[in-house]
Structures are given as C-alpha cells and as structure tokens.
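For reference, the structure is listed below as structure tokens.
The values are calculated or read from the model by the stated rules, or taken from the named source; none is laboratory data. In this text, all values refer to a predicted model and were calculated from it rather than measured experimentally. All Cβ positions, glycine included, derive from the backbone under ideal geometry; neighbour counts span all protein chains shown.
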C-alpha cells in the first residue's frame, strides 16, 4: 500500500496522482470515478481531471492522473519513458492483438527455440517503424480506428517511427514469452507482440500487459484505487 502523504491535497489547485489501474477498467473509467469522488467530497460541480497515457482495459499498472491546474502538465508526462512487462502467447493471433477478441489464426510454433528468440528480439531495439493496431484510438479522418474496425470497414494506418530503449526476455516456455520493454510515447505493445510473432515465423498476441514505470515513478509508488478513494473521502 502506498504511504499516506503528509500534506493536504488540493485537487482544485492541482495534484498529480500515480495510480495502479485495475484489470478490465478503461482509462476513462478510472478518471471518471476519481473525478466523481472528488466532486462529491468537495461539493463542487466541475473539476478538471485527466490522464497522461491510456492503458487498454486488459492492461494494468501505472497511470498518471492530473487534477485542476495540473492538467496542464499532462503533455509533459506523456513524453516520459515507459516500462512494461508483456506476456505473449505465440502461435495464435487475434484481431485486437490481445485477448479482448477471439483467436482468428493458428500458426506453427515448432520452429521457435530460445536461440531463435535471442536472435530476433534484439531486432526490435532502437528506432523501429510500427503500424498501430486497427483496434486502437488512432484517428483517421476524424474517426477512431476501432470504430472503423467494429463496423467491419477496412482502414489503412500509417507506420510511425518509435524508439525501443530496452527489450529483454524474462521468461520463455513455449508458447509463452514474457518480455520487459522500455519505450517511447506512442508505442503499442500489442503491435509489438504482432510484429515479434511475425518475425518468429508464427503469430502472437498479448496475454497480459503491466506498465511498471513512467519516468522515475514505479508501480510500488502508486495508489491502489480503493486506498485512494478512501483517502479522498477523508480529505478535509
């Protein structure tokens, strides 16, 4: 549990909160719940609350929540380096590149050895071009890409230049591959899983994703949502 701060928080003037996003929550759910709780506790009708960097519903980990005047800092936080622990399942693909949607392809895995993985993974370190997932919030002609995908419409997304600072294998027991990834803003770990699967001559999708760090703030520095809600309720 995160230690209770020794200062009185002023959510209207502006606070920066580091929160561990629970599994299955959207980033909007988290922001909306905290905003509602703050407004109710403070007995105010409006309060600016925003986040610096979306996490998918099936991802967990560090999120930065800014309130009041501190929402002006959001863009600065978005450019900080992020660290993830990604668990991939090799040999299967899904349209969303994670477990949100059902498997749509089965691929061979017998050729995947630790030696092959150790030769392929370093190819993703440094500057890489990455095409975002179709099931993503990228805007195309003013419309989110996932809206096109859910309507069954094809949409062409442009590849973006990204930086992977570090990538290392933590565990490998076929068909599961666990990686630690340190990367720049705008990196889709789901798309990285897709590309690694293809580079291994197979397919892959995310089984789990945890953001363990943003900048110098780690998961252990974060509020659990229940503790934070209780703290807000007890604020003077």
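Brief remarks follow.
- Flag if residue 199 is farther than 28 Å from residue 14 by Cβ and surrounded by fewer than 17 Cβ atoms within 10 Å (Cβ to Cβ): yes
Every residue, every condition in (1) within 20 Å of residue 196 (Cα to Cα); (2) outside the structural domain of residue 207 (by TED's automatic domain parsing); (3) in a helix (DSSP H, G or I), yes or no:
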{"position": "33", "(1), (2), (3)": "no, yes, yes"}
{"position": "74", "(1), (2), (3)": "no, yes, yes"}
{"position": "96", "(1), (2), (3)": "yes, no, no"}
{"position": "118", "(1), (2), (3)": "yes, no, yes"}
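To keep it simple, each residue is scored yes or no on (1) surrounded by fewer than 18 Cβ atoms within 10 Å (Cβ to Cβ); (2) at pLDDT 95 or above; (3) in contact with a strand residue (DSSP E or B) (Cβ under 8 Å, 6 or more places away or on another chain).
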{"position": "179", "(1), (2), (3)": "no, yes, yes"}
{"position": "182", "(1), (2), (3)": "no, yes, yes"}
{"position": "191", "(1), (2), (3)": "no, yes, yes"}
{"position": "203", "(1), (2), (3)": "no, yes, yes"}
{"position": "206", "(1), (2), (3)": "no, yes, yes"}
{"position": "210", "(1), (2), (3)": "no, yes, yes"}
{"position": "218", "(1), (2), (3)": "yes, yes, yes"}
{"position": "221", "(1), (2), (3)": "yes, yes, yes"}
{"position": "226", "(1), (2), (3)": "yes, yes, no"}
